[in-house]
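Here is the structure we will look at, set down as structure tokens.
What follows is calculated from the coordinates using simple rules that are stated; it is not laboratory data. All of these numbers come straight from a predicted model, not from anything done at the bench. Methodologically, a virtual Cβ is constructed for each residue, glycine included, from the backbone with ideal geometry; neighbour enumeration extends over all protein chains shown.
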Amino acid sequence: MSADVPPSALARCATHPDELAGATCQRCGVFVCGACTTWVMGALYCPACAARPEVNYLEAFRLTLWGKRDSGAWLVAGCTLLVALAAVVELLEGRVLSSLELLATTAVGVCFFLGARWARIALLLVPVYWALQGVIGRGVHLAIGFGLLFLGALQLFLDTRNRLFFRVDVSERALRHLWDLRVNNPLARQAVSFGVSAFFVPLFAPIAIVCGFIALRRVDLKARPPIGRRGQAIAGIVLGLGALVLWALFGIPFVIVRG
Ligand SMILES: [Zn+2]
Ligand SMILES: [Zn+2]
């Protein structure tokens, strides 16, 4: 069948008229040859569409956070300030060695805040150093305290958002997870937490219901990027209504009887 079709009638690439088209762009429908075929997040596009931020929304999201300081960096900065003050105190009291140790720790914290990549590793080594000091004889509490701090530092080391601040590559899966948490209808998640809070503070019940309804209206799975969390939006509304009913049945009569 296809052998009967003259070559001139076959679909050709929009950019390279000499090349036969192997596929069509999923967004604009233009014919693309093998060289022009661009895969983005599991779908096929022409090069122009692939570059659009709404098509490659994860890449656009990554670029907004690339090299931008995160809350982890600010937390490290706050701790560093305390360490610097401790270094000054030690110096004033004549404990030079101890002061130098604290100054070295301060330097790591400052470089971490400024985004120097080596400081990511150094920040892991700082609690290890201080925990070892505890083991050697400065006190068990030091060892336990800095052992726990090491876990915090390790969590920060692996954190997707913090990796983006240091311009360290992250997997598409990790990026999608972060995008899901921050951009994918966060109001629906807030509706659920307001809904749970409403069982303790009735004022949160109407807030949960309103947030739930707004979040539910935002759900659009066909949009690009898709907006989800329908289940959580509904859960927020149900929890808010449930809390209202419970408060009306038990809470308010209880207050009246007591009064
Ligand atoms: Zn296209
Ligand atoms: Zn082409």
Report summary line: Honestly the chain on the Cα gyration tensor test (a ≥ b ≥ c root eigenvalues; a/c under 1.5 rounded, otherwise a/b vs b/c for prolate or oblate) is just oblate
Query raised in the report: Pairing the Cα long axis of helix 230-246 with the longest principal axis of the chain, what angle in degrees results, from 0 to 90 and rounded to the nearest 10?
Result: 50 degrees
Query raised in the report: If one takes the longest principal axis of the Cα atoms in the chain, at what angle in degrees, from 0 to 90 and to the nearest 10, does the Cα axis of helix 118-133 lie?
Result: 30 degrees
**Report entry** Cα shape, the stretch 71-164, gyration tensor, a/c 1.5 rule
**Finding:** oblate
**Report entry** Cα-based equivalent ellipsoid of the stretch 184-249: semi-axis lengths in Å, sorted from largest, via gyration tensor
**Finding:** 24, 9, 7
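Given charges of +1 on the Cβ of Lys and Arg and -1 on the Cβ of Asp and Glu, with all other atoms neutral, how large is the dipole of the chain about its Cα centre, in debye to the nearest 20? Walk me through the numbers on the way to the answer.
Numbers: 24 positive and 14 negative charges, 116 e Å.
Magnitude of the dipole: close to 560 debye.
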Requested in this report: Sticking with the crude label model, points 7 Å out along Cα→Cβ, report the distance from residue 158 to residue 200 in nm, one decimal please.
Outcome: 2.8 nm
Query raised in the report: Given 13, 109, 240, which one lies farthest toward the positive end of the charge dipole of the chain, if we put +1 on the Cβ of every Lys and Arg and -1 on the Cβ of every Asp and Glu?
Result: 240
**Report entry** Under 12 Å, Cβ to Cβ, from residue 219 - net charge with Lys/Arg +1 and Asp/Glu -1
**Finding:** +4
Requested in this report: In debye, nearest 20, what is the charge dipole magnitude of the stretch 184-249 about its Cα centre with +1 on Lys and Arg Cβ and -1 on Asp and Glu Cβ, if you could check?
Outcome: 340 debye
Query raised in the report: Hey, if you put +1 on the Cβ of every Lys and Arg and -1 on every Asp and Glu Cβ in the stretch 153-214, which of 203, 187, 171 ends up farthest toward the positive end of that dipole?
Result: 171
Report task. Scan the stretch 26-103 for GluC sites (Glu not before Pro) in coil per DSSP, keeping those whose Cβ has at most 15 other Cβ atoms within 10 Å, and list them by number. Result -> 54, 93
Report task. May I ask for the net charge around residue 66, where only other residues with Cβ less than 12 Å from the Cβ of residue 66 are counted and Lys, Arg are +1 while Asp, Glu are -1? Result -> +3
Query raised in the report: Quick one: which of 12-24, 201-213 comes out on top by average Cβ neighbours within 10 Å, and what's the full order, highest first?
Result: 201-213, 12-24
Report summary line: Exposure-ranked with fewest Cβ neighbours within 10 Å first, 28, 49, 79 stand as 28, 79, 49
Query - Within the stretch 166-183: backbone nitrogen closer than 13 Å to the residue 75 label point (7 Å, Cα to C-beta) - result: none
Query raised in the report: So if we plug the beta-carbon distance of residue 66 and residue 250 into 1/(1 + (r/R0)^6) with R0 = 41 Å, what FRET efficiency do we get, rounded to 0.05?
Result: 0.20
Query raised in the report: Going by a ≥ b ≥ c, the root eigenvalues of the Cα gyration tensor, does the stretch 106-234 fall in the rounded group (a/c under 1.5), the prolate group (a/b larger than b/c) or the oblate group?
Result: oblate
Query raised in the report: Out of 28, 141, 250, whose Cα points farthest toward the positive end of the dipole of the chain (charges: +1 Lys, Arg; -1 Asp, Glu; placed on Cβ)?
Result: 250
Query raised in the report: Extension gain residue 132-residue 110, at 0.36 nm per residue separation less the Cα-Cα distance, in nm?
Result: 5.7 nm
Report summary line: Two pseudo-spin positions, 7 Å from Cα along C-beta at residue 118 and at residue 230, lie apart in nanometres by 5.4 nm
**Report entry** Interchain or long-range residues, amide H under 5 Å from residue 38's placed H
**Finding:** 45
Report task. Report, in whole Å, the centroid distance computed from the Cα atoms of the stretch 49-80 and the stretch 152-224. Result -> 15 Å
